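The structure under discussion appears below in the form of structure tokens.
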Amino acid sequence: DAGVIQSPRHEVTEMGQEVTLRCKPISGHNSLFWYRQTMMRGLELLIYFNNNVPIDDSGMPEDRFSAKMPNASFSTLKIQPSEPRDSAVYFCASSLSPNTGELFFGEGSRLTVL
Amino acid sequence: AQSVTQPDIHITVSEGASLELRCNYSYGATPYLFWYVQSPGQGLQLLLKYFSGDTLVQGIKGFEAEFKRSQSSFNLRKPSVHWSDAAEYFCAVAPRRTGANNLFFGTGTRLTVIP
């Protein structure tokens with residue numbers, strides 16, 4: 001079975017450019033999460049969705065970040081405009097139901113903003 | 001303040017030796033508790049979790065963890081480490097009031113296994 005699929009795996013862009021990260025969760029999973037991982041701050045939850053509805057976006061750093069889940073099989077995380085401090089690995093994860101605690105992670109999208 | 005602490009940034013063990021990774025939490029009520037593992041270049045994978053009941057929890061890959069309420073700890077153990085266990089290990093907690101999927105991760109412990 002396919003796991004969580006993220007694209008692109010690597011992205012290098014210049015400051016001020018728009019970045020869009022994509023995620024396809026595991027089929028049948030109802031919850032989707034976006035995390036950011038950096039050396040300084042570790043793993044941070046940015047936002048999560050239940051049944052395509054954003055439940056908690058309190059971890060989204062600022063208005064430059066936005067996330068959407070237009071349907072059960074696709075989500076995007078957009079950064080506009082990007083800044084060097086946004087450089088990180090962004091993980092998408094999905095879960096079968098809201099209360100299992102078992103998240104299935106993608107391999108991540110490594111973003112470098114120059 | 002609520003927190004989850006992994007006091008060891010990096011641990012090195014010999015293959016075949018036993019392993020214990022420490023995790024402490026600070027929450028008003030016992031949260032849900034988890035251990036995840038991240039291999040290089042990969043996403044995280046759940047090793048085991050504690051919700052309630054037996055305080056000794058068995059997980060995948062031969063790992064176990066013990067919940068000790070008196071010490072606010074949830075340490076991960078393995079009796080004999082294999083070279084393939086080299087990875088980063090994350091303890092995570094989820095407050096019961098917000099649900100088991102609202103995970104907060106510790107800073108991680110990197111495990112190196114030497115032959």
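Rule-based calculations on the coordinates, nothing more; no lab input. Quick caveat: nothing in here was measured; it's all calculated off a predicted structure. Neighbour counts are summed over all protein chains in view; Cβ atoms, including those assigned to glycine, are modelled from backbone coordinates with ideal geometry.
Report the rotationally averaged projected area of chain A based on its alpha-carbon convex hull, in square nanometres.
For the Cα atoms of chain A, the hull's average projected area reads 6.5 nm².
Above 16 Å lies some portion of the pair distances; for chain B, what is it as a whole percent of all C-alpha pairs?
56
State, as an integer percentage, the relative contact order of the range A:25-110 based on alpha-carbon contacts under 8 Å between residues 6 or more apart.
Relative contact order of the range A:25-110: 32 percent.
About the Cα centre of the range B:7-115, what is the dipole size in debye to 20, counting +1 per Lys and Arg Cβ and -1 per Asp and Glu Cβ, all else neutral?
360
If each residue of separation counts as 0.36 nm, what is the full-extension length gain between B:ARG77 and B:SER26 once their alpha-carbon separation is subtracted?
Full extension from B:ARG77 to B:SER26 adds 16.3 nm.
What residue among A:MET15, A:MET39, A:MET69 shows peak mean-square fluctuation when chain A is described by a Gaussian network model with Cα springs under 10 Å?
In the Gaussian network model the winner is A:MET39.
In whole Hz and in residue order, list the ³J(HN,Hα) couplings for the range B:55-63 that follow from phi through the Karplus curve 6.51 cos²θ - 1.76 cosθ + 1.60, θ = phi - 60°; x for Gly and Pro.
3J(HN,Hα) across the range B:55-63, in whole Hz: 7, 9, 10, 9, x, 7, 6, x, 8.
Please find the FRET efficiency linking A:MET15 to A:SER58, where r is the Cβ-Cβ separation and R0 is fixed at 45 Å, and quote it to the nearest 0.05.
The formula returns an efficiency of 0.95 here.
For a distance above 21 Å, tell me the whole-number percent of Cα pairs in the protein assembly as shown that qualify.
It works out to 56 percent of all Cα pairs.
What is the sum of charges, Lys and Arg at +1 and Asp and Glu at -1, for the other residues whose Cβ falls under 14 Å from the Cβ of A:ASN71?
Computed value for this residue: +3.
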